[in-house]
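The values are calculated or read from the model by the stated rules, or taken from the named source; none is laboratory data. Given the structure is predicted, the values throughout are model-derived calculations rather than measurements. Every residue, glycine among them, receives a Cβ derived from its backbone with ideal geometry; neighbour counts consider all protein chains shown. Each accessible area value is taken on the protein alone, full model and side chains, heavy atoms only, with ligands, DNA and RNA left out. Shrake-Rupley method; radii C 1.70, N 1.55, O 1.52, S 1.80 Å.
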Amino acid sequence: QVQLVESGGGLVQPGGSLRLSCAASGRIFSINAMGWYRQAPGNQRELVARITSGGSTNYADSVKGRFTISRDNAKNTVYLQMNNLKPEDTAVYYCYAVIPTYRRDYWGQGTQVTVSS
């Protein structure tokens, strides 16, 4: 029914930047909140940022001032601009979308972000 495909992960040096994208496709009439979680080895999955259909945003304290979430409703796509990356940002990043038609969340497959010199 619905598929979320992420892109933009990779290896970057501390202080560098990456931009993640997540496009939702399928039979979609509307999307409520979209966002990003991350999970580092040995850690629980944690919320990084979320954005509502109206554009309201929330961020984890650890990324405030460095990460920016945005979305293009016409393209059913959410973005995560990550600046001033730190080694502790290393994790697999997962996007999600809340799609009311099917009364459930959908998740992407995850994209690896590695911050290392």
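Looking at the chain only, what percent of DSSP beta bridges run antiparallel? Nearest 5 please.
95
One chain, two ends: Lys75 and Ile28. Fully extended at 0.36 nm per residue, the span grows by 15.8 nm beyond their Cα-Cα distance. Once the convex hull of all Cα atoms in the chain is built, its volume per residue stands at 93 Å³. Couplings 3J(HN,Hα) of the range 101-109, computed from phi: 4, 9, 6, 7, 8, 10, 10, x, 7 Hz, in residue order, whole Hz [Karplus 6.51 cos²θ - 1.76 cosθ + 1.60, θ = phi - 60°; x for Gly and Pro].
At a probe radius of 1.4 angstrom, the accessible area of the chain per residue rounds to 53 square angstrom. With contacts taken as Cα pairs under 8 Å and at least 6 residues apart, the chain reaches a relative contact order of 37 percent. Sequentially through the range 84-99, phi angles give Karplus couplings (6.51, -1.76, 1.60; θ = phi - 60°) of 6, 5, 10, x, 6, 7, 4, 4, 8, 9, 10, 9, 9, 9, 9, 10 Hz, Gly and Pro residues having no value and appearing as x. Measuring only protein heavy atoms, the 1.4 Å probe finds Ile51 accessible over about 10 Å². Element breakdown for the chain at a 1.4 angstrom probe: carbon and sulfur atoms account for 44% of the accessible area.
Applied to the range 39-45, the Karplus parametrisation 6.51 cos²θ - 1.76 cosθ + 1.60 on θ = phi - 60° returns per-residue 3J(HN,Hα) values of 9, 9, x, x, 10, 7, 5 Hz, with x for Gly and Pro.
Computed log10 I(q)/I(0) for the range 64-107 at 0.15, 0.16, 0.18 Å⁻¹: -0.52, -0.58, -0.70, from the Debye equation with unit scatterers placed on every C-alpha and solvent omitted. Taken about its Cα centre, the chain carries a charge dipole of roughly 240 debye when the Cβ of each Lys and Arg holds +1 and the Cβ of each Asp and Glu holds -1.
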